[in-house]
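Enquirer: For reference, the structure I am asking about is given below.
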Amino acid sequence: VQLQASGGGLVQAGGSLRLSCTASGSTSFTAFTMGWYRQAPGKQRELVASISRLRNTDYADSVKGRFTISRDNAKKTVYLQMSSLKPEDTAVYYCNRLTGEPYYWGQGTLVTVSS
């Protein structure tokens, strides 16, 4: 299974971006809780948002009220709508499943927020 994240870029503080992550290959995507993670330079990867197969969502305190995770099971895609972005949101963003062993992480997508 491959996870392809996209949608990152350079944005000014206060701006918005929408990230997408599509799974390809043989996967029971609909059965998994999926999550968006990020890794800032010099820091460990952290989970910022998750969505269960029943679309229950959870967020890290640092992004609550600003980020929204969603999923389209037919497209095997999970989204992250990011608003009111802050410079501290700058990181490489990845998606992966929280159910079972993680898939290969892939390249992720870089989000850079300028002040």
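The values are calculated or read from the model by the stated rules, or taken from the named source; none is laboratory data. Since we're looking at a predicted model, the values are computed, not measured. Cβ placement follows ideal geometry from the backbone for every residue including glycine, while neighbour counts extend to all protein chains displayed. Heads up: the accessible areas ignore ligands, DNA and RNA and are worked out on the full protein's heavy atoms, side chains in. Shrake-Rupley method; radii C 1.70, N 1.55, O 1.52, S 1.80 Å.
Enquirer: With the checklist (1) in a loop (DSSP other than H, G, I, E, B); (2) within 11 Å of the chain's Cα centre (by Cα) in hand, flag the one item TYR93 doesn't pass.
Expert: All conditions pass for TYR93, except number (1).
Enquirer: Same structure, new question: Taking the stated definitions as given, is ASP61 open to solvent by 20 Å² or more (accessible area, probe 1.4 Å) and not basic (Lys, Arg)?
Expert: Yes, satisfied.
Enquirer: May I ask you to list the residues in region 27-54 that are modelled with pLDDT of 95 or more and among the basic types (Lys, Arg)?
Expert: Matches in region 27-54: ARG38, LYS43, ARG45.
Enquirer: Are any residues in region 64-99 basic (Lys, Arg), touching a residue at least 40 places away in the same chain (Cβ under 8 Å) and open to solvent by less than 70 Å² (accessible area, probe 1.4 Å), and if so, which ones?
Expert: LYS76, ARG97
Enquirer: Quick check on my filter: what residues within region 1-58 are in contact (Cβ under 8 Å) with a residue 24 or more places away in the chain, of a type in the set (Ser, Thr, Tyr) and either outside any loop (DSSP other than H, G, I, E, B) or open to solvent by less than 20 Å² (accessible area, probe 1.4 Å) (or both)?
Expert: SER6, SER20, THR22, SER24, THR30, TYR37, SER50
Enquirer: Let me spell it out: the conditions are (1) part of a loop (DSSP other than H, G, I, E, B); (2) under 14 Å from THR109 (Cα atoms); (3) in contact with a Phe, Trp or Tyr (Cβ under 8 Å, 6 or more places away or on another chain), and LEU80 meets all of them except one. Which number is the exception?
Expert: That leaves (1) as the condition not met.
Enquirer: If I filter region 57-82 down to residues being of a type in the set (S, T, N, Q) and more than 12 Å from the chain's Cα centre (by Cα), which single residue comes out as nearest to TYR93 (Cα to Cα)? Steps first, please.
Expert: Within region 57-82, the subset of a type in the set (S, T, N, Q) is 57, 62, 68, 70, 73, 77, 81.
From the residues that got through so far, the ones that are more than 12 Å from the chain's Cα centre (by Cα) too are 57, 62, 73.
On the way: THR57: 18, SER62: 15, ASN73: 20 Å.
Out of the qualifying residues, it is SER62.
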